[in-house]
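Asker: Submitted below is the structure of interest, expressed as C-alpha cells.
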There are 2 protein chains.
Amino acid sequence: MYFQSLLQMKKMLGQLDGWLAVAATHAESKTFDPVVYMELRLAPDQFPFARQVRTTCDTASKAVAALTGKPAPILDEAEATLDELRARIKSVLSYLDGFSAEHFEGAATRQVTQPRWKGEYMLGADYFLEHALPNFFFHLTHAYAILRHNGVPLGKRDYLGTLSKHTP
Amino acid sequence: MYFQSLLQMKKMLGQLDGWLAVAATHAESKTFDPVVYMELRLAPDQFPFARQVRTTCDTASKAVAALTGKPAPILDEAEATLDELRARIKSVLSYLDGFSAEHFEGAATRQVTQPRWKGEYMLGADYFLEHALPNFFFHLTHAYAILRHNGVPLGKRDYLGTLSKHTP
C-alpha cells in the first residue's frame, strides 16, 4: 500500500507539473509575467504559490525517505520561476523513481521523527496516514486553488488525471 | 489499510467540524451572519463552501459504501446553515462508525462504478487511491482554504489534528 501510494503521489506530482504548464500558457495569453504566480497566496499568513509547490514535492520525498530509512534529497529553495519549480518536480520524481515495493518492508513500524518533535517519534503507519498524506494533499490542493483563484483554466480532470477504468 | 484510511477520514471530518465551529465564533466576533460562509468560493466556477463540505462528507461515505458493497446514505442537500452542515458531518461520522476492518475484505478487487462512467468500472484499489482519496482531500482542503482566505483563524494544527507521537 505504501508503494501504491507512492505511485499515486508520483501521478499527482505529474498533474501538478501540468498545472504549471497551463499557468504559463495562461500568463502568455494574458501577457503578464508568469513570475507573478510565485508570490500569490490565498491569505497573508499562508505559504505563497512557489512554497506550496516546493512543500508538495518535499512532503513526498521526505515521506518516502522516512518510511524506507533512506536519506531525503536536499534541494535548495532558490526557485524563482515556474520553469525552476518544474525542474524541482522533475528532480523529486527522479528521486521517487528509485524506490520499489521492497524498499517499504517494515515501513509500518519504522520510527519516524523530525527535529521539531524534540525526540518524540511516530510509527511509520501513523506518520504516513496522519501526517505525510494529509500534508501532501494540503499543499498540492493549495497550489491548485491559488491558480484557480487567479483565473488559470483548470478543472477536476486536470486534478485527478487519467483514471484506471475498465470496460466490462 | 482501507480501514486505517477510513479512521483517518473520520479524524479529518472531525477536524472539519472544528473549523466550522471556529468560523461561527469568528462571524460572531466580527458581527456578520455566518450564513454568508455558505456561498463563499475561490473561483466563480468552483463549488461554494457549503458544497465543498457536503462533497467532502459524501466522498467519504460513497467510498466506504463502494469498497464494502453497502448502500451509501442518501442525504438531501438542503443545508442552509453552518449548524446544518455540522449535522451532516455528524450523520456521516455515524454512518462510518458502522464499519470495521472485516467489512473491507476483498475491497481491492471489488468493481466500482458510477452512473457517469457509462458502464465502465474501476477496481477498488485503483478507485480508492486514484479517485476517492484525492477527491476527499481536494474538497476538504478547499473548505479549509475558503475559510482561511476569508480570515477565519485556522492553522496547520487545526488541519492535521493530534498526531500519534510517542516518547522514546
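The values are calculated or read from the model by the stated rules, or taken from the named source; none is laboratory data. Keep in mind that what you see is a predicted model, and the values were worked out from it rather than measured. Note: ideal-geometry Cβ built from the backbone for every residue, glycine included; neighbour counts use all protein chains shown. Quick note on the areas: whole protein, heavy atoms, side chains included, nothing else; ligands and nucleic acids left out. Shrake-Rupley method; radii C 1.70, N 1.55, O 1.52, S 1.80 Å.
Asker: Pick out the one residue from B:LEU93, B:LEU82, B:LEU123 that is under 17 Å from the mean Cα position of the chain (by Cα) and farther than 18 Å from B:GLN8 by Cα.
Answerer: Among B:LEU93, B:LEU82, B:LEU123, only B:LEU82 is under 17 Å from the mean Cα position of the chain (by Cα) and farther than 18 Å from B:GLN8 by Cα.
Asker: What's the number of the only condition in (1) at the interface with chain A (Cβ under 9 Å from one of its Cβ atoms); (2) assigned to a helix (DSSP H, G or I); (3) open to solvent by less than 40 Å² (accessible area, probe 1.4 Å) that B:MET122 fails to meet?
Answerer: Evaluating B:MET122 over (1) at the interface with chain A (Cβ under 9 Å from one of its Cβ atoms); (2) assigned to a helix (DSSP H, G or I); (3) open to solvent by less than 40 Å² (accessible area, probe 1.4 Å) leaves (2) as the failure.
Asker: For region B:4-24, give me each residue that is open to solvent by 50 Å² or more (accessible area, probe 1.4 Å) and closer than 19 Å to B:LYS90 by Cα.
Answerer: B:LEU7
Asker: Here's another thing I want to ask about it. Determine if region B:72-95 includes at least one residue that is under 30 Å from A:THR113 (Cβ atoms) and crowded, with 17+ Cβ neighbours inside 10 Å.
Answerer: no
Asker: Now a separate question. Condition first: in contact (Cβ under 8 Å) with a residue 40 or more places away in the chain and open to solvent by less than 30 Å² (accessible area, probe 1.4 Å). Now tell me which residues in region A:28-45 satisfy that.
Answerer: Result: A:TYR37, A:MET38, A:LEU42.
Asker: Test A:PHE128 against the stated conditions and say whether it is in contact (Cβ under 8 Å) with a residue 24 or more places away in the chain, over 17 Å from the mean Cα position of the chain (by Cα), more than 7 Å from chain B (Cβ to nearest Cβ) and open to solvent by less than 60 Å² (accessible area, probe 1.4 Å).
Answerer: Spelling it out, it is not the case that A:PHE128 is in contact (Cβ under 8 Å) with a residue 24 or more places away in the chain, over 17 Å from the mean Cα position of the chain (by Cα), more than 7 Å from chain B (Cβ to nearest Cβ) and open to solvent by less than 60 Å² (accessible area, probe 1.4 Å).
Asker: Right, something else. From the list A:TYR144, A:TYR159, exactly one residue is among the hydroxyl-bearing types (Ser, Thr, Tyr) and touching a Leu at 6+ places or on another chain (Cβ under 8 Å). Which is it?
Answerer: Unique residue meeting the criteria: A:TYR144.
Asker: Can you tell me which of (1) within 14 Å of chain A (Cβ to nearest Cβ); (2) open to solvent by less than 60 Å² (accessible area, probe 1.4 Å) is the one B:THR162 doesn't meet?
Answerer: Only one criterion is unmet by B:THR162, namely (2).
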